[in-house]
Structures are given as C-alpha cells and as structure tokens.
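J.: Sending over a structure as structure tokens; questions will come in a sec.
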C-alpha cells in the first residue's frame, strides 16, 4: 500500500495489484509515523479497505477473540457418536427443561414423551432462536447421561434411550 499526499494535503491510498506481497517490503509491526499523521488528519479521505488495513496493522484493542457465549461439547455415553458442540445458552435452557420434567422414580419417563414436553414448554419465538428442539433435547440428554445426571431405564446400550430417570435427588 502506498501513501500519496495530493495538493489538498489529504491522504489518498493506492493499492498495488492483488498479488503476492513484495519480498523486499515486509509489513511493519506498527504503522509509520507519517501514516498515522495522515490517517488522523481531519481532511483525510479513507476507503473501507484502508481502514481495515490499519486495523490489521495496529490491532483493534482486544487481546484476541473473546467468547461471548462459550460452547458446550456434548458427548455420547457409549462413545459411538461424535461430540456435538452447542452454545452454552442453548444447553442451559434445554438442560433446565429436561431436569424439570424427568422424575427420579424407578420407572422414569418415556424419552419421546420428554421431547414432546420440552417442545411444548418453549414459546414460538424462543423455538426460532433455539432451532431444532428435538435434536437439542437428544444431544443434551446424552450429555447429561454421560455426566451421570440421568440414567437409562432399564440399563441398555441402544443409541437413544427408551426411558430415562434422574439420578439422586
């Protein structure tokens, strides 16, 4: 990128053709003082590409990417399914609903019935934000079973449980 200052003393950038960077011109760690002065002059005319180039050179003040919503890695109890990654807020919402419906009694609850109850408890606008409720219910149920919060009734090794119950109190 070359900086040219015209008669009106406004900074104008000319981009070289989009090819491999020149080997004899390494990018500086920080912008040159002249470039900084030209960029922060009130009459400078900048394009979006120039602003992005400066942000790439200087940085945007962060210490790297920040996680606003950390993800949860949902596993399968028998290890036959690959790990599914879902946002924490989705996991927490479905987790809360599952534990609200699943009893700790010996007979437990039918898994299809649990999926229907979880779906009926979620409002339409929230369903749009969450996505496929049945898939999320399956995924979170398998993770809770892996963690030991839920148990299959009777204890079998099928890919999805037929009946589940809560462990402990």
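The values are calculated or read from the model by the stated rules, or taken from the named source; none is laboratory data. Just so you know, these numbers come straight off a predicted model, no measurement behind them. No Cβ is skipped: glycine too gets one built from the backbone with ideal geometry, and neighbour counts run over all protein chains shown.
J.: Answer with yes or no whether residue 137 is within 16 Å of residue 89 (Cβ to Cβ), in contact (Cβ under 8 Å) with a residue 40 or more places away in the chain and assigned by TED's automatic domain parsing to the domain that holds residue 98. It would help to see each step written out before you state the result.
T.: On the way: within 16 Å of residue 89 (Cβ to Cβ): yes; in contact (Cβ under 8 Å) with a residue 40 or more places away in the chain: yes; assigned by TED's automatic domain parsing to the domain that holds residue 98: yes.
So residue 137 fits the description; yes.
J.: Determine whether the range 59-71 contains at least one residue that is touching a strand residue (DSSP E or B) at 6+ places or on another chain (Cβ under 9 Å) and at pLDDT 65 or above. Full working, then the answer.
T.: Let us first name the residues in the range 59-71 that are touching a strand residue (DSSP E or B) at 6+ places or on another chain (Cβ under 9 Å), namely 69-71.
Okay, now just the ones that are also at pLDDT 65 or above, so 70-71.
Within the range 59-71 (the criterion being touching a strand residue (DSSP E or B) at 6+ places or on another chain (Cβ under 9 Å) and at pLDDT 65 or above), the answer is yes, since at least one residue qualifies.
J.: Right, next: Mind listing whichever residues of the range 89-140 are more than 26 Å from the chain's Cα centre (by Cα) and outside any helix (DSSP H, G or I)?
T.: If the condition is that a residue be more than 26 Å from the chain's Cα centre (by Cα) and outside any helix (DSSP H, G or I), then 102, 103, 104, 105, 106, 107, 108, 109, 110 are the ones that fit.
J.: For residue 120, indicate whether it is over 21 Å from residue 73 (Cα atoms) and either crowded, with 19+ Cβ neighbours inside 10 Å or without any contact (Cβ under 8 Å) to a residue 40 or more places away in the chain (or both).
T.: Numbers: over 21 Å from residue 73 (Cα atoms): yes; either crowded, with 19+ Cβ neighbours inside 10 Å or without any contact (Cβ under 8 Å) to a residue 40 or more places away in the chain (or both): yes.
Spelling it out, residue 120 is indeed over 21 Å from residue 73 (Cα atoms) and either crowded, with 19+ Cβ neighbours inside 10 Å or without any contact (Cβ under 8 Å) to a residue 40 or more places away in the chain (or both).
J.: For residue 86, only one of the following conditions fails: (1) in a strand (DSSP E or B); (2) loosely packed, with under 12 Cβ neighbours inside 10 Å. What is its number?
T.: (2) is the only condition that residue 86 fails.
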